[in-house]
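To start, the structure under review is shown below, and the notes come after it.
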Amino acid sequence: MTTDTQTSRAVAEQFLERLGRQDQDGIQELFAADIDWHVPGNAELPWTGRRTHREEVAPYFTTMWPHFEPGKSKVALERILVDGGDVMLLGTFTHTLRATGKEFTTPSAMHLAVEDGEIVRMHLYEDTLAVDQAFNAG
């Protein structure tokens with residue numbers, strides 16, 4: 001199964017728009033029933049790890065977002081690269097931890113794979129050390 005570049009870009013733009021609204025259910029609707037999702041990180045951070053089903057997408061966000069100060073997260077999207085069903089989102093995430101007020105920034109790359117108009121893969125590549133240090137600084 002393949003997806004053309006135009007469809008992949010449209011799905012990625014919907015993903016970004018819903019992410020900006022923190023619409024976890026809307027984001028989840030964009031995913032296929034079976035997915036390959038990977039967010040590497042420290043096992044102490046409950047949103048990291050692998051997911052394999054659409055129903056696991058919304059809980060990722062509802063588990064992660066409460067740790068960040070509302071209205072203080074920023075995504076600086078630098079580039080969207082699309083080749084058929086593959087989409088790379090390149091940018092920087094900045095968050096402020098609710099518990100400590102500490103702000104941290106991490107460069108990020110997100111690989112989305114789109115098939116038949118649905119996201120089948122989401123792999124996030126970010127500075128996991130910076131995230132771990134922000135949450136575990138003593």
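What follows is calculated from the coordinates using simple rules that are stated; it is not laboratory data. Given the structure is predicted, the values throughout are model-derived calculations rather than measurements. When we count neighbours, we look across all protein chains shown, and the Cβ atoms used for this are built from the backbone with ideal geometry, even at glycine.
Write out the chymotrypsin sites (Phe, Trp or Tyr not before Pro) in the range 1-109 meeting two conditions: DSSP loop, and at most 11 other Cβ atoms within 10 Å of their Cβ. Show your work: numbers first, answer last.
Working: sites: Phe15, Phe31, Trp37, Trp47, Tyr60, Phe61, Phe68, Phe93, Phe104; in loops: Trp47.
Passing sites in the range 1-109 do not exist.
Run the numbers for Ser73 and Asp132: contour at 0.36 nm per residue of separation, minus the present Cα-Cα distance, in nm.
Numbers: separation 59, 0.36 × 59 = 21.24 nm, distance 1.69 nm.
So the chain would gain 19.5 nm between Ser73 and Asp132.
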Inter-label distance for Thr62 and Asp83, nm, one decimal - labels placed 7 Å from Cα along Cα-to-Cβ: 3.7
To one decimal place, what orientation-averaged projected area in nm² is obtained for the convex hull of the Cα set of the range 5-136? 7.1
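Among His53, His95, which comes first, second and so on when ranked by fewest other beta-carbon atoms within 10 Å? Don't skip to the answer; put the middle values down first.
Working: His53 12, His95 21.
In order of increasing Cβ crowding within 10 Å: His53, His95.
Neighbour counts of other C-beta atoms within 10 Å: give me Ser8, Ser108, Ser73 arranged from fewest to most. Don't jump to the answer; show the numbers that get you there.
On the way: Ser8 24, Ser108 18, Ser73 15.
In order of increasing Cβ crowding within 10 Å: Ser73, Ser108, Ser8.
Work out how much length Gln14 to Asp34 would gain on full extension: take 0.36 nm times their residue separation and subtract the Cα-Cα distance, in nm to one decimal. Mind dumping the intermediate values first?
On the way: separation 20, 0.36 × 20 = 7.20 nm, distance 1.93 nm.
Contour length minus Cα-Cα distance gives 5.3 nm.
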